[in-house]
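Accompanying notes for the structure given below.
The values are calculated or read from the model by the stated rules, or taken from the named source; none is laboratory data. Values in this document were obtained by computation on a predicted structure and should not be read as measured data. Cβ atoms come from the backbone with ideal geometry, glycine included; neighbour counts cover every protein chain shown. Each accessible area value is taken on the protein alone, full model and side chains, heavy atoms only, with ligands, DNA and RNA left out. Shrake-Rupley method; radii C 1.70, N 1.55, O 1.52, S 1.80 Å.
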Amino acid sequence: MAGAFDIVEHYNSLIKEDASISAPVAAVGSLVKLIEKQNATTMLEFMMIARQACDRLKKATDNSISLSAGCDVFLKQMSRLAHAQSVEECRKALIKAGTDFVQGAGRCRDIVAEFGSPFVRDEQTILIHSYSRVIMGLLGRAVTQNKRFRVYITESRPDQSGLRAAAELQRLGVPCEVILDAAVGYIMEKVDMVLVGAEGVVESGGLINKIGTYQLAIIAKAAKKPLYALAESFKFVRLYPLSQYDLPTHRSDLLSFKEKRADETDWQAELSRSNPMLDYTPPGFITLMFTDLGVMTPSGVSDELIKFYLD
């Protein structure tokens, strides 16, 4: 089958070694490495190896949503090739397609920045949430265009990933301030627009992203501030959640009332253990989406998914 190759270990090493790589790209890169090492003799065995590897990857991570998008793209490409070619021809074509995908993923981020850059103008005040590579790419591009703007960044607990964004913006020379997650409503009046990234963009055009995105979107809509979501098209996922509790990452023990002894409870530790890391923002709260396929309304996501999976 796949020999001694451990796809989960390889995936984790890619994430650890390259801070710029996103989960879908690391998933495809890991699947390409698996295909290079496998020696299946029939198409059925070939497909089973890939599907089992995808299942292993999804089960091995707490956040399987964006990873699932990469796995789905890979499996769809495999099914297209399987109908027309032999096992060996399919293997070679799949390795090439996967390698091209991984190498071109960075370009997708650049294209998103190209489409989004006209929306960043001089003297704007922008609010961003947590840390997003694609947002950093957009703001970095705006800096190279000599645009002058200011950025508020949410602290983004419990991992405080907003601090990473602040440090990066400081290196770019962008005036920025980190705000408490609870201060979003307080600061919204000073903001011209809100930018958020995405772990996944679902079929309805809604977002799955770092916890706090939904409440930020609610406040932005109430304050009549535009909220723009940035995502590469390989993060479009075949999910249709209707509520927060439909997400694959939902667990019944999250924010549940468990019996705790007062003298033994570490509330700081409980924050990250008992709280969700992601939430769902319905499409009605999103003004526009900046993707490598262009600037689109949330409803355009469904059209693109249909094109890809029914082609």
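With all protein chains present, how much of the accessible area of the chain (probe radius 1.4 Å) comes from carbon and sulfur, to the nearest whole percent?
Values: 8080 of 15430 Å².
Here carbon and sulfur together make up 52 percent of the probe-accessible area.
So which cysteines in the chain don't have a second cysteine's C-beta under 4.7 Å from them?
Singleton cysteines: 90, 108, 176.
What is the Rg over Rh value, at two decimals, for region 7-106, using alpha-carbon atoms and the Kirkwood definition of Rh?
Numbers: Rg = 12.7 Å, Rh = 13.4 Å.
Ratio value, two decimals: 0.95.
Going by average Cβ neighbours within 10 Å, how do the peptides 118-130, 170-182 rank, with the highest at the top? Write down the numbers at each step before the final one.
Values: 118-130: 18.7, 170-182: 13.9.
In descending order of packing, they fall as 118-130, 170-182.
Relative to the longest principal axis of the chain, what angle (0 to 90°, nearest 10) does the C-alpha long axis of helix 300-310 take?
Roughly 10 degrees between the two axes.
Go through 198-210, 140-152 and give me the packing order, highest mean Cβ count within 10 Å leading.
Listed from highest to lowest mean packing, they are 198-210, 140-152.
Counting only heavy atoms of the protein chains, get the accessible area per residue of region 1-62 (1.4 Å probe) and round it to a whole Å² value.
On the way: 3300 Å² over 62 residues.
Ligands and nucleic acids excluded, the result is 53 Å² per residue.
In degrees from 0 to 90, rounded to the nearest 10, what is the angle of the helix 23-37 Cα long axis to the longest principal axis of the chain?
20
For the chain, what is the calculated [θ] at 222 nm in deg cm²/dmol (nearest 500), taking -39500 (n - 2.57) for each run of four or more DSSP H residues and dividing by its residue count?
Values: 11 runs with 147 residues, N = 311.
So the calculated ellipticity at 222 nm is -15000 deg cm²/dmol.
With axes computed from alpha carbons, what is the tilt in degrees of helix 87-116 against the longest principal axis of the chain, rounded to the nearest 10 within 0 to 90?
With both axes taken from Cα atoms, the answer is about 10 degrees.
Take the chain, drop everything but the C-alpha atoms, weight them equally and run the Debye formula without solvent; then report log10 I(q)/I(0) at 0.12 Å⁻¹ to two decimals.
Reported log10 I(q)/I(0), two decimals: -0.84.
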